[in-house]
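Take a look at the structure below.
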Amino acid sequence: MAATASVTTVTGEHTGPPVIATAGLTKHYGTVHALTDLTVDVGAGVTGLVGANGAGKSTLIKILLGLLEPTAGHATVLGHDIDHGGQEIRRVVGYMPEHDCLPPDVSASDFVVHMARMSGLGASAARERSADVLRHVGLDEERYRPMGGYSTGMKQRAKLAQALAHDPQLVFLDEPTNGLDPAARTDMLRLVQRIGSDFGIAVLVTSHLLGELEQVSDHVIVLDGGHLLRSSATGDFLQRTGSLLVEVVGTETERDLLGEALARRGLTCRPRGAMVAIDPPPPELAAEGVAHDLIRDVAAELGLGLMRLQPDRRHLEDVFLEGGARA
Amino acid sequence: MPEAPRSGVIHDLGYRRYDGPRDGTATIARTLFVTGLRHAYGLGRSGRSKVMPFLLLGMSLLPAAVVVGFVVLTGLRSLPVSYAAYTNQTQLLVSLFAASQAPVLFSRDLRHRSIVLYLARPLPATVFALVRWASLAVAMWLFTALPTVLLYLGAMLAGLDKSDQTTDALKALVLQAGLAALIAGVTGLISSVSLRRGFAVVGSVMALIVLSGVVTAVQNIASAEGEDPASVGVGLVSPWSLHNGLANAWGAGLDTPAPVDGAWVPAYVLVALLLIGGCLLGLVARFRKVGTR
Ligand SMILES: Nc1ncnc2c1ncn2[C@@H]1O[C@H](COP(=O)(O)OP(=O)(O)OP(=O)(O)O)[C@@H](O)[C@H]1O
Ligand SMILES: [Mg+2]
């Protein structure tokens, strides 16, 4: 059935060797445990790295760039060991830091050309690539103006452009939506998604909002106080953790009919608008697809037309918050 | 909800991959060196940033041009000032050039945090620091060498003894190279620590101009009191007195309050080298540290 298919076909599992692999990665700053025993794989496409302030996101990125030495553990990036392959990693990786890093008296155009050259591109290749990536990130005539006069949105675009200038195989984007208004945020997220899919560059993107990354990521890693809270394909994430939303043809009467029937079969239901919101299924119904089949069967038994059966995305935030509360 | 077309968002052309050649570390370092050297003179930067370096350069060339005109027109049989002494007499201009331009190469990247973008690229922090120093040192050396070259051309034009002039000019150029290495190290280190341009400039002025003034005064007093060893010893503590002392010892035509000779010569060389080495270690440590933040 089409409605269920839309749930079950969402998968972000990766094939091929991991782009990033960490094993027992640990970083202590004195008494601050920024990362604790992190073992995780990152594949191609877009991977979201989510965590509250201080969760260790930026620390992880700096370790993977070879800028910070881990206290313990190992990691490889694109097959290079961070211990002695730092230079090789930095040759094929792009980095967009979370903080301001743009000199105010230089134009984005000049700056991106220079940064491309610092990554090893020749003068004319750097100019060509710079014009290309500035166009892709959406900086037009303003690219010739000093960056000191840029809005936050334009600065974020310039920062992104320098990260892409040398056509890396992987980019680390540290909070690219930081400080952006909702429209600019949507633009940036769409761009991030395009980098992963159309550009074919693997992306590790951080945010403290799970909701926004879940829209664009194939895979989500949640860090909590330096610990790995979970790492899963976005689809799994929704299925396993999320509650479900069901909508049937008809009015509130039909809605309640379905809700009551489902409640009798062991699911916790409550109305939400025209839909029935179903809490995460109890253990006996939690197995893959069981809840979906049950809902479909119940709807069929009642002769109700199933309009919609989808994960309740709002619930993702709750998972995240529960994790945060543990810290 | 129909979205208004946002300016600047053009998605029609596809992304192109780059599979052309990529430079190795040495080539990237050379690119950084050349860019830094140009930036020290304001080249490739805003028009305003060219004013200071070229004004100072013009001021340090002007007396040399006057000397050249004078020698050529009057047929004088020697230059009225030696090459090395000329460098010392333009001390203030040279020091101001270093004080004003070192922050361009050593403060800006740290202050605006663009350093993280450099360090996330192939060049290691150590190489970055050394290349930056090399750019400033060569910029400094050119600043002092140009008047020397001008004087030398004038001397040739006036028909002065070619071999004498060549020897003296070459000695001056070598001494200037040492001076440039010293001054670039000192002002670079100061600028990489005090990121506010004003503080960096004041710090460099203190370390070069004020210190040099104090040292010269003490040297003069000591030699007037007949304490020559003290006079020469005090000369170890400032870049300018090190340069002048070595020029004096080498017979490059520069008088110091007391002659630098004997065991003082290796001492001067050693201190100069240690000072350069110490500054480089400091710079490398500084840039390695910022990479981790
Ligand atoms: N240089 C440092 N010295 C000491 N502690 C540090 C240093 N850098 C980070 N920390 C600490 O390590 C922890 C993780 O910091 P990190 O910047 O990686 O978190 P983050 O997930 O990126 O947070 P944010 O969302 O605020 O950017 C924090 O507790 C932070 O205070
Ligand atoms: Mg961070």
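Across chain B, counting alpha-carbon atoms alone, Rg and Dmax equal 22.9, 92 Å. Across the residues of B:105-117, average count of Cβ atoms on other protein chains within 10 Å? Per-residue shielding by partner chains comes out at 4.
The trypsin sites (Lys or Arg not before Pro) of segment B:46-152 meeting both criteria, a DSSP state outside H, G, I, E and B (loop) and at most 12 other C-beta atoms within 10 angstrom of the site's C-beta, are B:ARG77. For the pair A:GLU88 and A:ARG270, label points projected 7 Å from Cα toward Cβ lie 5.4 nm apart. Grouping the Cα pair distances of segment B:163-247 into 10 Å bins from zero gives a pair-distance distribution of 17, 37, 30, 14, 2 percent in increasing distance order. Sorting the Cα pairs of segment A:60-202 by distance into bins of 5 Å, from 0 upward, gives 2, 10, 19, 21, 21, 14, 8, 4, 1, 0 percent per bin. Net length available on complete extension from B:LEU153 to B:VAL269 is 38.8 nm, with 0.36 nm assigned per residue and the Cα-Cα distance removed.
Residue separation times 0.36 nm, minus the C-alpha to C-alpha distance between B:VAL34 and B:LEU146: what's the value?
Extending this stretch completely gives an extra 38.5 nm.
For B:MET52 and A:LEU209, the FRET efficiency from 1/(1 + (r/R0)^6), where r spans their Cβ atoms and R0 equals 45 Å, is about 0.45. Kirkwood-type hydrodynamic radius, chain A: 21.6 Å, calculated from all non-identical alpha-carbon pairs. To the nearest 10 degrees, how steep is helix B:91-106 against the longest Cα principal axis of chain B, on a 0 to 90 scale? Between the helix axis and the principal axis of chain B, the angle is about 20 degrees.
Think of the protein assembly as shown as a dipole: +1 on every Lys or Arg Cβ, -1 on every Asp or Glu Cβ, centred on the Cα centre; then among B:GLY198, B:ALA272, A:THR71, B:ALA272 lies furthest on the positive end. Derived scalar couplings between HN and Hα for segment B:221-231 equal 4, 4, 6, 5, 7, x, 9, 4, x, 4, 4 Hz in order, rounded to whole Hz, by the Karplus curve 6.51 cos²θ - 1.76 cosθ + 1.60 (θ = phi - 60°), x for Gly and Pro.
Relative to the Cα centre, what is the charge dipole magnitude of segment B:153-269, using +1 at the beta carbon of each Lys and Arg, -1 at the beta carbon of each Asp and Glu, and rounding to the nearest 20 debye?
Taking the Cα centre of segment B:153-269 as origin, the dipole is about 660 debye.
In terms of its C-alpha gyration tensor, segment B:82-238 comes out oblate, because a/c is 1.5 or above while a/b does not outweigh b/c. Let me know the shape class of the protein assembly as shown, please: from the alpha-carbon gyration tensor, a ≥ b ≥ c as square roots of the eigenvalues, rounded when a/c is under 1.5, otherwise prolate if a/b is greater than b/c, or oblate. Prolate, since a/c reaches 1.5 and a/b exceeds b/c. On the beta carbon distance between B:ASP261 and B:ALA217, with R0 = 30 Å, the FRET formula returns roughly 0.85.
Extents of segment B:239-279, largest first, come to 28, 19, 15 Å (Cα atoms, principal axes, whole angstrom).
Per residue, chain B reaches -23500 deg cm²/dmol at 222 nm when only DSSP H runs of four or more residues are counted, each adding -39500 (n - 2.57). Simple point charges give the picture: +1 on the Cβ of Lys and Arg, -1 on the Cβ of Asp and Glu, and for segment B:25-291 a dipole about the Cα centre of about 1780 debye.
Across segment A:220-233, computed HN-Hα scalar couplings (Karplus, 6.51 cos²θ - 1.76 cosθ + 1.60, θ = phi - 60°) run 10, 10, 10, 9, 9, x, x, 9, 6, 8, 6, 9, 7, 4 Hz from first to last residue, x flagging Gly and Pro.
Annotation: amide H-H contacts under 5 Å for A:LEU229 (H modelled 1.01 Å from N, sequence separation of 5 or more, or interchain): A:VAL222, A:LEU223, A:ASP224.
Take every Cα pair under 8 Å in segment A:240-313 that's 6+ residues apart, average their separations, divide by the length, and report that relative contact order as a whole percent.
46
Pairwise inverse Cα distances across segment B:1-142, averaged and inverted, put the Kirkwood hydrodynamic radius at 19.0 Å.
The packing ranking of peptides B:215-222, B:265-272, A:210-217, A:45-52, highest mean first, is A:45-52, A:210-217, B:215-222, B:265-272, where packing means the average number of other beta carbon atoms within 10 angstrom of each residue.
Relative contact order for chain A: 21 percent, from Cα pairs under 8 Å spaced at least 6 residues apart, divided by residue count.
Taking other C-beta atoms within 10 Å as the exposure proxy, A:PHE199, A:PHE172 rank A:PHE199, A:PHE172 from fewest upward. The slack between B:ALA230 and B:LYS289, meaning 0.36 nm per residue of separation minus the straight C-alpha distance, is 17.3 nm. In this rough spin-label picture, where each label sits 7 Å from Cα along the Cβ direction, the A:ASP198-B:ARG45 distance is 3.8 nm. When you restrict to C-alpha pairs under 8 Å that are six or more residues apart and normalise by the size of segment B:25-291, the relative contact order lands at 24 percent.
The long axis of helix B:48-74 is offset from the longest Cα principal axis of chain B by roughly 30 degrees.
Per-residue mean of foreign Cβ neighbours for B:120-129 is 6 (Cβ atoms of other chains, 10 Å radius). Computed over neighbours whose Cβ is under 14 Å from that of A:HIS166, the net charge equals +3, Lys and Arg +1, Asp and Glu -1. Applying 1/(1 + (r/R0)^6) with r as the Cβ-Cβ distance of A:THR251 and A:VAL290 and R0 = 41 angstrom yields a FRET efficiency of 0.90. For A:SER243, the residues 5 or more places off, or on other chains, whose built amide H falls under 5 Å of its own are A:ASP312, A:HIS315. Per-residue shielding of A:61-68, expressed as the average number of other chain Cβ atoms within 10 Å of the residue Cβ, stands at 4.
What ranking do B:134-144, A:180-190 get when scored by the average of other Cβ atoms within 10 Å per residue, highest first?
B:134-144, A:180-190
Taking 7 Å steps out from each Cα toward its Cβ at B:THR74 and B:LYS162 produces label points 2.6 nm apart.
Take the convex hull of the alpha carbons in segment A:240-313; its mean projected area over all directions comes to 4.2 nm². Among A:ASP312, A:ASP81, A:ASP174, sorting on how many other beta-carbon atoms sit within 10 Å of each Cβ, with the fewest leading, yields A:ASP81, A:ASP312, A:ASP174.
In terms of its C-alpha gyration tensor, segment A:91-131 comes out oblate, because a/c is 1.5 or above while a/b does not outweigh b/c.
For the listed residue pairs A:LYS62/A:LYS159; A:LYS159/B:LYS289; A:LYS57/B:LYS289; B:LYS50/B:LYS171; B:LYS50/B:LYS162; A:LYS27/B:LYS289, the alpha carbons are over 27 angstrom apart in B:LYS50/B:LYS171; B:LYS50/B:LYS162.
Just so you know, all these numbers are worked out from the coordinates, no wet-lab data involved. Treat the numbers as computed from the prediction; the structure is a model and nothing was measured. Reconstructed Cβ throughout: ideal geometry from the backbone, glycine too, with neighbour counts over all protein chains shown.
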